[in-house]
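Here the structure is laid out as structure tokens; the discussion comes afterwards.
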Amino acid sequence: MKISMEKKSEAERKLNIEVPWERFRDEISQQLMRIRKGATLKGFRKGKAPMELVRRIYSDDARQDAVNSLASEAVRSALAEHDLKPFGNPYLTDVKSDDNQPLTLEAVVELEPVFDPADYSALPLDKPLAEVSEDEVESFLRSMQERHGESAAVEESRGLRDEDIATLDFVGTLGGEAVKNLDVKDFMVRIGRSEMVPGFEEQIVGMKAGQTREFDLTFPEDFANRDIAGKMVHFTVTLKEIRELKVPDIDDEFARSVGKFETVADLKETIRGDILKMKEEDSVKELRRNLARTLVEDNVFDVPPSLVDQELRRRVQEYGENMLRAGMPNEKVREMILANEDHLKKTAVEQIKLLYIIGEIAEREGMKAGEQEVRAVVSRAAARTGRKVEEVMKEYAEDGTLSEIGFNIVREKVFDKLLKTAKIRDVKTAGEEPAVESRPAKKGKKGKK
């Protein structure tokens, strides 16, 4: 048997295999013997059918089994010689298996990544600073004020202006034909809130109730509906009614009406605390995302292409289902998937790399998911659904959820350890001055290399 190996990438090898006809013929015979032992043919006891009959019925199966067996043997031998660990089974290409001729074939085998994790003992990480400005408190307070307001029709004959609530009938046409979803009755919009396509509100400001106005509007190039993106649409708009929002004064009485508060100051303090809590939670999430990004950027290696394809299919399916649930039509979903395919593939690769990195660090640090830790997660899931723990454990073991739970536990242990030894820098969010102070977290034991 002749075997040569070609490096396609760090994660793939191509093997060119040639097997002498005599060896191939003997392997076919062995496969026929194996098939004969398990074959039950009419008129013969199991395993007792004449070999000639077995050959006539199962020759193609035996030949294919012989090809697979010899290919597997060659792959094992070649990988062992080069100390490489395969991922999954090889796939065969360009197979030539004629009688009285050497068996020749190409086998492509994917490899498990082999790498030493980059130093993770003191990773530099940015963490958004959780701060609440007075403007944010006031903005939230105004939104509460508006939610407790009541709208009333404008009786005076005046033009539409900012902050008014307009009730519209409108139709958009392209080439004289009505555009789908742009033929709308009794549509309500708050002027000045940028709820419509850019330029629409500016065209109707100043209209009076009962008036109709026509105008052309060019849609943005990146508009979601690709049929009209970048195109000029003709609109006919009728303003049916103008309403104003009457809001209560923000005073102590208002504070008491919205909750257990004595003063506006009490209400503001609670609002500030709620916003701060939300920002702190978001800050921790972003810190963990930064940790994941840093691990992926610091560790350069290839991952098995079939694993990427599998993860990409999962992400595409999830992405598509989310858009369908949001009411997007099928053709638009397919268009969006194609437009975002590169990004989805990039995130798939990053996710797979992160799984390998976490697994490698966990092994070096001796981190595992304990049986009781896994059971505790399953118990909570069983309690939420009113089912028995053992029943859920069995189901999760069969569908792979148990392994996923175990990995999630290990991942949290790895992340917790790395965050304890990371050098974390508090940074202002976009639009604010960056923080200059750095603060190392508590020092921990250096990670193994």
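The residues in the stretch 339-368 that are within 11 Å of the chain's Cα centre (by Cα) and without any contact (Cβ under 8 Å) to a residue 24 or more places away in the chain can be counted, and the count is 2. Residues of the stretch 171-222 that are buried (at least 16 other Cβ atoms within 10 Å of the Cβ) and either basic (K, R) or under 14 Å from E241 (Cβ atoms) (or both): V189, R190, I191, I204, M207, A209. Of everything in the stretch 248-257 that is in contact (Cβ under 8 Å) with a residue 40 or more places away in the chain and surrounded by fewer than 16 Cβ atoms within 10 Å (Cβ to Cβ), the residue that is farthest from Q145 (Cα to Cα) is S257. Taken together, R36, R45 contain a single residue that is free of Cβ contacts under 8 Å to residues at least 12 places away in the same chain and not assigned by TED's automatic domain parsing to the domain that holds I357, which is R45. Here M367 meets the list (1) of a type in the set (A, V, I, L, M, F, W, C); (2) exposed (fewer than 12 other Cβ atoms within 10 Å of the Cβ); (3) not in a helix (DSSP H, G or I) almost entirely, failing just condition (2).
Scanning the stretch 242-274 for residues that are over 18 Å from S133 (Cβ atoms) and assigned to a helix (DSSP H, G or I) yields a count of 8. Among the residues examined, R158 does not qualify as surrounded by fewer than 17 Cβ atoms within 10 Å (Cβ to Cβ) and either assigned by TED's automatic domain parsing to the domain that holds D26 or among the small types (G, A, S) (or both).
The values are calculated or read from the model by the stated rules, or taken from the named source; none is laboratory data. The shown structure was predicted, so the numbers you read here are calculated from the model rather than taken from an experiment. Here Cβ is always computed from backbone atoms with ideal geometry, including for glycine, and neighbour counts include all displayed protein chains.
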